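Everything below concerns the one structure shown next.
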Amino acid sequence: MSNSPLRVTVWHEHVHEQTSKVVKDLYPDGMHGAMKAGIEEYLGQTVTVQTALLEQPEHGLTDEVLANTDVLTWWGHAAHDKVDDEIVNKVHQRVLEGMGIVILHSGHYSKIFQKLMGTTCSLRWREAGEKERLWVMKPGHPITDGIDGEFFEIKDTEMYGEFFDIPDPDETVLISWFEGGEIFRSCCTWDRGKGKVVYFRPGHETFPIYYQKEVRQVLANCVAYAAPKSSAPVRLTADQIRPSLETIEGDHQADESLHEHQYKEAGK
């Protein structure tokens, strides 16, 4: 891979800051500003970070932006239905091609996460300002690099609880326990095509969670972990192979009319 800085785009719906004084006062530069600062704080000159917002043309995710993004982070909550399906499809395609994506907090209900998971991504929740203890399930994993001890805590947060309707993760890196008694798979990873998908739970809008050092550290680690690892090409279509690599004995004649739809889909 190139030694050039990792190109990161922080995507944020940027709704609560414009409708809630509490959120605006807590995040005067937007939640995306705090996330961007956290990634830059821990990854330094190894990254270049830009932001993209729902309110911008094409939600800030133009073809040019996506083509020049190695890792995309995604925070959404109140406006999942406002995200254009065409943009979702473009982001999905880029993930299959190798772009990493980090889904944050309430982004579990985003169109892109549901498309990548193929499930409802539903869960249980409660906003009571309770303590969360995040247990490290994979010591030595790149995502928990820099976290001292077996767990870290968030003083006040929104609870997310099981059952979390997601496919079995390739890796479960963090599991949360909440003061009210629930548990939750708070950091999970999957491979989709050539791309890596990471879900990281903390980040409710009315708590100063994106200022906490451990959260910023893990967020930055998630970004680094999701970075493309290979420049090898990937095949995303079901191509017919003609001729075969080896001689096939026999005289079977395929009915090509049965495959005309596939030729059209492939542009042939």
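By the gyration tensor of its Cα atoms, with a ≥ b ≥ c the square roots of the eigenvalues, what is the shape of segment 1-124: rounded for a/c under 1.5, prolate for a/b over b/c, or oblate?
In terms of gyration-tensor shape, oblate.
Please check: in the Gaussian network model of the chain (C-alpha springs, under 10 Å), which one of Cys121, Cys188, Cys222 has the largest mean-square fluctuation.
In the Gaussian network model the winner is Cys121.
As a test of the formula, what do you get for the chain when each DSSP H run with n ≥ 4 contributes -39,500 (n - 2.57) and the sum is divided by the residue count, at 222 nm and rounded to the nearest 500 deg cm²/dmol? Each step should come with its number before you reach the end.
Numbers: 8 runs with 68 residues, N = 268.
After summing the helix terms and dividing by the residues of the chain, the value is -7000 deg cm²/dmol.
Once the Cα atoms of helix 30-43 and of the chain are each reduced to a long axis, what angle between those two axes, in degrees from 0 to 90 to the nearest 10, is obtained?
80
What is the spin-label model distance, in nm, from Leu258 to Thr119 if the labels are put 7 Å beyond Cα along the C-beta direction?
3.5
Convex hull over the alpha-carbon atoms of segment 141-186: what's its volume per residue in Å³? Kindly include the intermediate steps, with their values, before the conclusion.
Numbers: hull volume 4.2 nm³, N = 46.
Each residue corresponds to 92 Å³ of Cα convex hull volume.
Taking the Cα centre of each part, how many Å lie between segment 138-200 and segment 5-37?
Answer, in whole Å: 22.
How much length, in nm to one decimal, is gained on full extension between Phe151 and Gln50, taken as 0.36 nm per residue of separation minus their Cα-Cα distance?
This chain segment gains 33.3 nm when fully extended.
Relative to the longest principal axis of the C-alpha atoms of the chain, give the angle of the C-alpha long axis of helix 85-97, reported between 0 and 90° and rounded to the nearest 10°.
80
Once the piece of chain linking Trp135 and Asn3 is laid out straight, how much longer is it, given 0.36 nm per residue of separation minus the C-alpha distance between them?
44.2 nm
For Gln240 and Asp191, what does the FRET efficiency come to when R0 = 30 Å and r is the distance between their Cβ atoms, rounded to the nearest 0.05?
My answer for the efficiency is 0.70.
Hey, what's segment 1-129 come to in accessible area per residue, 1.4 Å probe, Å²?
Accessible area per residue, segment 1-129: 45 Å².
Only Cα pairs under 8 Å and at least 6 apart count here; give the relative contact order of the chain as a rounded whole percent.
Values: 500 pairs, mean separation 53.2, N = 268.
Normalised by residue count, the contact order of the chain is 20 percent.
Can you give me the accessible area per residue for segment 181-268, using a 1.4 Å probe, in Å²?
61
Ordering Met99, Met137 by how much accessible area each has at a 1.4 Å probe, largest first, what is the list?
Met137, Met99
Students sometimes get this wrong: rank Lys82, Lys138 by accessible area, probe 1.4 Å, all chains present, largest first.
The ranking, largest first, comes out as Lys82, Lys138.
How tilted is helix 213-225 with respect to the longest principal axis of the chain? Cα atoms for both, answer in degrees (0 to 90, nearest 10).
That works out to roughly 10 degrees.
Roughly to the nearest percent, how much of the accessible area of segment 113-213 is carbon and sulfur, given a 1.4 Å probe? Numbers along the way, then the final one.
Working: 2240 of 4490 Å².
C and S fraction of accessible area: 50 percent.
Using mean Cβ contacts within 10 Å as the protection proxy, how do 239-250, 36-47 order, highest first?
Details: 239-250: 6.9, 36-47: 17.2.
Final packing ranking: 36-47, 239-250.
What is the local net charge at Val22, summed over the other residues whose Cβ is closer than 15 Å to its Cβ (Lys, Arg +1; Asp, Glu -1)?
-4
With both bridge residues required to lie in the chain, what share of the DSSP beta bridges run antiparallel, to the nearest 5%?
DSSP beta bridges in the chain are roughly 55 percent antiparallel.
The values are calculated or read from the model by the stated rules, or taken from the named source; none is laboratory data. As the structure is a prediction and not an experimental result, all values here were calculated from the model. Here the Cβ is made from the backbone with ideal geometry for all residues, glycine too, and neighbour counts use every protein chain on show. What goes into the accessible areas is simple: the full protein's heavy atoms, side chains included, and nothing from ligands, DNA or RNA. Shrake-Rupley method; radii C 1.70, N 1.55, O 1.52, S 1.80 Å.
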